[in-house]
Amino acid sequence: MPLLTIRGLNKYYGNFKALDELELTVNANEIYGFIGKNGAGKTTTLNVLMQLSFYESGTITFDGKTLNKDDYTFKKMVAYMPDVPSFPPYLKGREILELTAEFCGYDSKKTLEKIHELKDSIGLLRLNQKVGTYSRGMVQRLALANALMQEPRLIIMDEPTSALDPIGRRAFLTIIKSVAKETSVLYSTHILSEAEAICDRVGLIEQGRMLKEGPVSQVIAPAIDTTYIIDTLHLERIKDMLTDQTWIKAIAQKEKHLEVTLTDATPAKLFSALASVDEKITAVYEKVPSLEDAFVEVLNENTL
Ligand code: ATP
């Protein structure tokens, strides 16, 4: 069921059209990956959503209610996490969360309960130490806890792992996946492997337009031709044998294997052709396309 819907959103910076009839739908209780190259329009979209930036036209609907440009009730239901969160370094982690709880109007019992709950679910450590002593990974966890403290219907995250090392990144993704059971997440990133790992659905944006949107498997599958990897020591010989077959769309010779793209998804003709050669073939298997492959393919289709 749709939680957030954007329809026909247009946004200019002077004469430059940054968002061009943008369409986007985030469903309830899903992690939505908002994907695009640098400069595609992700931050602009998030700024418009957070009412930090004006837009010329379009409609934004949240939980069935169309938002007016000057209606700030939306902000009470949505939490925002920037790429590099910053807190006053002289405050303790616990004090940051208590301030947010006060802002939300919680009494001391609820504040204590929420801090305990978040401490466990997010793995918050050293809440009684000043934030200035925290590592980047700890600051990021605190920012997520601070967002969840608000009990939002939706958390908007703008490239939240960009400042983390690979270990911190992996740990943080695991936490997002676990907390997303109770809230929806709009996860903006240009790291496609992350989106593939944690997102239920993705939207690919380019030049302010939504190119493709849907479940990860659907976005990947139709965009990519079926390709088989052939592992063999006789690359030239096998390649020569396959070249000019009408059922082959392309053959790429890599250092240690061939990549054969078929005109349709059935490999029967490929297998029977390979069965007829004398040279040893070590393995033949389907190449599993990644979201990155799909993204490049969709970009090529739309920009060539
Ligand atoms: P990144 O991943 O690099 O943050 P992005 O997808 O978030 O990129 P935006 O920051 O939304 O992209 O930028 C979209 C386009 O709008 C870019 O071409 C950018 O140069 C332009 N732009 C962004 N902010 C402004 C501004 N304040 N004034 C003029 N142009 C802007």
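Things worth noting here:
- Against the rule of thumb 2.2 N^0.38 Å, how large the Cα Rg of segment 113-190 comes out: 1.05
- Estimated FRET transfer efficiency (S162, N300; beta-carbon r; R0 25 Å; 0.05): 0.45
- N38/H116 FRET efficiency (R0 51 Å; Cβ-Cβ; nearest 0.05): 0.80
- Pairs with C-alpha atoms separated by more than 27 Å, drawn from the list K42/K109; K130/K181; K114/K177; K119/K177, are K42/K109; K130/K181.
- Kirkwood hydrodynamic radius over Cα pairs of segment 23-67, then Stokes diffusion coefficient at 37 °C and 0.692 mPa s, in µm²/s: 273
- Projected label distance in nm at D83 and S193, using a 7 Å step from Cα toward the beta-carbon: 1.9
- For segment 151-304, the alpha carbon positions stretch 65, 34, 24 Å along the principal axes, listed from largest to smallest.
- Mean projected area of the convex hull spanned by the Cα atoms of segment 46-185, taken over all viewing directions: 9.1 nm².
- Between F16 and Q218, the distance separating the two model label sites (each 7 Å from Cα on the Cα→Cβ line) works out to 3.4 nm.
- Dividing the convex hull volume of the alpha carbon atoms of segment 225-288 by its residue count gives 77 Å³ per residue.
- Dividing the radius of gyration of the alpha carbons in segment 1-114 by their Kirkwood radius gives 1.03 for Rg/Rh.
- Annotation: Cα Rg of segment 104-145 relative to the compact-globule expectation 2.2 N^0.38 Å equals 1.21.
- One decimal place: the segment T243-S108 gains 41.2 nm when fully extended, by the rule 0.36 nm per residue minus the C-alpha distance.
- Of all the options V219, V139, V260, the one that moves most in a Gaussian network model of the chain with Cα springs shorter than 10 angstrom is V260.
- Fully extending the segment from L91 to Q207, taken as 0.36 nm per residue of separation minus the present Cα-Cα distance, adds 37.7 nm.
- The chain - mean residue ellipticity at 222 nm from DSSP helices (-39,500 (n - 2.57) per run, n ≥ 4, rounded to 500): -10500 deg cm²/dmol
- Shape annotation for the chain: C-alpha extents along the principal axes are 78, 45, 33 Å, from largest to smallest.
- Per-residue extension of 0.36 nm, minus the Cα-Cα distance of K65 and K256, leaves a gain of 63.1 nm for this segment.
- Highest-MSF residue in the chain out of M241, M81, M50 [GNM, Cα springs under 10 Å]: M241
Since every read-out is calculated from the coordinates, none of them should be taken as a lab result. Since this is a predicted model, take the numbers as computed values, not measurements. Cβ coordinates were reconstructed from backbone atoms using ideal geometry, including for glycine residues, and neighbour counts include every protein chain displayed.
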